[in-house]
Amino acid sequence: MNKVLITGSQGFIGTYLCIELLNYGYDVIGIDNYSKYGKLIRPHDKNKKFKFYKADVTKEKVNRIFSFEKPDFIVSAAAMIGGISYFNKYSYDLLSINEKINTSVFSNAIQEFKGGKLKRIIAISSSMVFEKSNKFPTHEKDLKKTPSPLSTYGFSKLSTEYFCKGAYEQYGLPYTIIRPFNCVGVGEDKTLNDHNITSGNIKLMLSHVVPDLINKCLKGQNPLRILGRGNQVRCYTNGKDIAKAIRLSLESNKAINNDYNISIKTPTTVIELAKLIWKKINPNKKFNFICEKPFNYDVQKRIPDISKAKKDLKFEAKITLEESINEVIEYMKKKNNQS
């Protein structure tokens, strides 16, 4: 069975991917420095086929892990990432640190490929590379005609894709680019670099809109405060589906030197999302909301064309937004009870 090395294995998508690969019999090597959440206990930690290294991939010492483990695949999932407010506070660090991560991971991948063991690197990009797209649904091929992202985070993810192309053109390193659209699920916790931004009387969560709205409803905010006018359109994709797509890309030759939008097919406005969450938490209360000034880089529309992944990978996201919301509500209720 193939051995897969995952950078950022203890993060949000990394955790879903570890579970997915271990469930399908892969040997998984995880690298993480706990820089976002601090030390966490993840469901895959005690699996006998999982081996973990606490390490910073930007440091030279990490080279020994890659050379010792000799993986068949590398999944580059480590990144400095957060929600919209994160983009504003850490605009330089997002670019600087993510470039350092890319340089280290790809340099090690090139060395392992030269050694004859590594088959491919799978790079986790982001829908934010389409930050300035004006064509919807947006196909993978449309990226060539899309203006560069405005945010440093979006630019850093576009840079990740160019690392793939550069490593292939110069060294022949095969790659696959995965672009998740608005990953939702459990496992997002308070970050170490959290800072106080309030939305009404509730501290804004730095992760994403789904846990933020759930948190406000659970704490009784009324009227519910929404950033922007609420007409922003997103496609909320469960982490389990994203992990499945990554696994399928490992197993498909069609994915070699290719890129894929990974998303649920149903677009949803923030107002529609807010109403759905409100109804589940406050079934006997009238839905009330007010709009707040949005942050910069609050992209108004992200709707992907997902036909390529369906054709090449035989992948379709199956978990509905409602199922994802139910999952996150239960997770957050449990976390609140524990605290």
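The values are calculated or read from the model by the stated rules, or taken from the named source; none is laboratory data. The structure presented is a predicted model; accordingly, all values stated were derived computationally and were not measured. Glycine also receives a Cβ, built like all others from the backbone with ideal geometry; neighbour counts cover every protein chain displayed.
Some observations on this one:
- Ile303 being more than 22 Å from Asn222 (Cβ to Cβ) and touching a Cys at 6+ places or on another chain (Cβ under 8 Å): yes
- Members of the stretch 148-159 found to be polar (S, T, N, Q) and crowded, with 23+ Cβ neighbours inside 10 Å, listed by number: Ser156
- In the stretch 2-26, the residues that are modelled with pLDDT of 95 or more and assigned to a strand (DSSP E or B) reach residues that are surrounded by 24 or more Cβ atoms within 10 Å (Cβ to Cβ) and hydroxyl-bearing (Ser, Thr, Tyr) with C-beta atoms within less than 8 angstrom, at least six apart or across chains, in these pairs: Thr7/Ser76.
- Yes/no for Ile264 being at pLDDT 95 or above, crowded, with 18+ Cβ neighbours inside 10 Å and assigned to a helix (DSSP H, G or I): no
- Within the option set Lys318, Lys254, Lys279, Lys244, being under 30 Å from Gln221 (Cα atoms), of a type in the set (Lys, Arg) and either part of a helix (DSSP H, G or I) or at pLDDT 95 or above (or both) holds for one residue only, Lys279.
- Gly30 vs. criteria at pLDDT below 95 and either out of contact with any Cys (no Cβ under 9 Å at 6 or more places or on another chain) or not in a loop (DSSP other than H, G, I, E, B) (or both): no
- Applying the criterion of being under 18 Å from the mean Cα position of the chain (by Cα) and in a helix (DSSP H, G or I) to the residues of the stretch 124-144, the residue that is nearest to Ser159 (Cα to Cα) is Val129.
- Number of residues in the stretch 282-337 that are farther than 28 Å from Tyr153 by Cβ and either buried (at least 18 other Cβ atoms within 10 Å of the Cβ) or among the polar types (S, T, N, Q) (or both) equals 6.
- Note on the stretch 48-60: residues that are assigned to a loop (DSSP other than H, G, I, E, B) and either surrounded by fewer than 16 Cβ atoms within 10 Å (Cβ to Cβ) or in contact with a Gly (Cβ under 9 Å, 6 or more places away or on another chain) (or both) amount to 4.
- Given (1) closer than 20 Å to Phe295 by Cα; (2) at pLDDT 95 or above, index of the condition Leu227 fails: (2)
- Boolean, Thr103 is touching a helix residue (DSSP H, G or I) at 6+ places or on another chain (Cβ under 9 Å), closer than 21 Å to Lys254 by Cα, part of a helix (DSSP H, G or I) and of a type in the set (Val, Ile, Thr): no
- Considering the stretch 222-261, and only residues there that are buried (at least 22 other Cβ atoms within 10 Å of the Cβ) and among the β-branched types (Val, Ile, Thr), the residue that is nearest to Ser324 (Cα to Cα) turns out to be Thr237.
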